[in-house]
Amino acid sequence: MAEITRIQPRASLAPAAVRRGALDEHLVSLADPHAYEAEQYRTLRHLVEQEHQSRGVSVVAVSSADVGDGKTTTAINLAGALAQATDRRVLLVDADLRRPAVASRLGLEPGRRGLAEAVFDASLDLTAVSQRYASFNLSVVPAGRFIGITYEALQSSRFGQLVAEARQHYDHVILDTPPMLPIADARIIGPYVDRFILVVGAHRTPRKLLGEALSLLPPDKVLGLIFNYDGHSPDRHRAYYGLESPEPPPPALGWGALARAVTGLVGGPGSWR
């Protein structure tokens, strides 16, 4: 199991596709790539790039044990960090068809077709439903408008075909998937992805829920864990690089995300319940 280091949370398609002022400020990899917080997501990027080079890992799903742990923020920031490389093609897919959030977080125009339309209309390829984010080598496939049973959509051969198409045209494919425990959607997606990253709320996710989530995945499918809202101040690291400390983020965001290898979970952080 590879280790992921500390991350500090906080994007542009063609200008006409982005609603002015609608970009979520916590998406530092896109909104402020030079920020200290964005640098921490580049640490996560480095791990994913290593796995890509050494093991051919291309499709990475970002999930969590339960809702509200920050999986979408992590998925978008990881995709944004990867897309800063000038020689890489990166695709971000909103595969959370029940509660899609990628488009709204990025400030994209609502109601545009996306993954749902491509699954049920074989004439639509990824090019037809993806949007290019300006200034970055990043394309985005929103969830689209979905009315139906998500289980049937995600377990369909058509979904697998779209993932295979993504592998052919992109170096890195990041999927924002539903949480592991409330529903089976993320588990259905499992056969089509190379690795999972699990985002854990450090002061809110019970140890039991994390254990249950990990038990649903083959160990070799888990790239690592992101411990979010861990309460560790980054001030001493900022001081080392001569960076000023920012204003404290909103209470709901908390300070930072600490990621460690799953092999280090036997004792677990003291903040776990």
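If the requirement is being out of contact with any Phe, Trp or Tyr (no Cβ under 8 Å at 6 or more places or on another chain), of a type in the set (Ser, Thr, Tyr) and closer than 18 Å to His52 by Cα, which of these qualifies: Thr86, Thr73?
Just a single option satisfies the conditions, and that option is Thr86.
If I filter region 110-135 down to residues being out of contact with any helix residue (DSSP H, G or I) (no Cβ under 6 Å at 6 or more places or on another chain) and assigned to a strand (DSSP E or B), which single residue comes out as modelled with the lowest pLDDT?
Tyr133
Can you tell me which residue among Val140, Val102 is touching a Leu at 6+ places or on another chain (Cβ under 6 Å), β-branched (Val, Ile, Thr) and under 19 Å from Asp24 (Cβ atoms)?
Val140
Looking at region 125-167 only, could you name the residues that are of a type in the set (Val, Ile, Thr) and either buried (at least 17 other Cβ atoms within 10 Å of the Cβ) or in contact with a Gly (Cβ under 8 Å, 6 or more places away or on another chain) (or both)?
Within region 125-167, Val129, Val140, Val141, Thr150, Val163 qualify.
Can you tell me which of Pro191, Pro182 is surrounded by fewer than 19 Cβ atoms within 10 Å (Cβ to Cβ) and in a helix (DSSP H, G or I)?
Only one candidate qualifies: Pro191.
Would you check which residues across region 87-112 are more than 25 Å from Arg187 (Cα to Cα) and not small (Gly, Ala, Ser) and list them?
Of everything in region 87-112, those that are more than 25 Å from Arg187 (Cα to Cα) and not small (Gly, Ala, Ser) turn out to be Asp87, Arg88, Arg89, Leu106, Leu108, Glu109, Pro110, Arg112.
Among all residue pairs at least 6 apart or on different chains, which show Cβ distances below 8 Å where the first residue, located in region 54-68, is at positive phi and the second is in a loop (DSSP other than H, G, I, E, B)?
Matching pairs, first to second residue: Gly56/Asp194; Gly68/Arg204.
For region 120-177, give me each residue that is of a type in the set (S, T, N, Q) and under 19 Å from the mean Cα position of the chain (by Cα).
Ser130, Gln131, Asn137, Ser139, Thr177
So which residues in region 159-202 are out of contact with any Pro (no Cβ under 6 Å at 6 or more places or on another chain), of a type in the set (D, E, K, R) and modelled with pLDDT under 95?
Listed by number, the list holds a single entry, Arg187.
In region 205-231, which residues are crowded, with 17+ Cβ neighbours inside 10 Å, modelled with pLDDT under 90 and assigned to a loop (DSSP other than H, G, I, E, B)?
Within region 205-231, Thr205, Tyr229, Asp230 qualify.
Looking for something in contact with a strand residue (DSSP E or B) (Cβ under 8 Å, 6 or more places away or on another chain), assigned to a strand (DSSP E or B) and modelled with pLDDT under 80 - is there at least one such residue anywhere in region 252-262?
For region 252-262, residues in contact with a strand residue (DSSP E or B) (Cβ under 8 Å, 6 or more places away or on another chain), assigned to a strand (DSSP E or B) and modelled with pLDDT under 80: present.
The values are calculated or read from the model by the stated rules, or taken from the named source; none is laboratory data. Everything numeric here is computed off the predicted structure, so don't read it as measured data. Please note: Cβ atoms are built from the backbone with ideal geometry, for glycine as well, and neighbour counts cover all protein chains shown.
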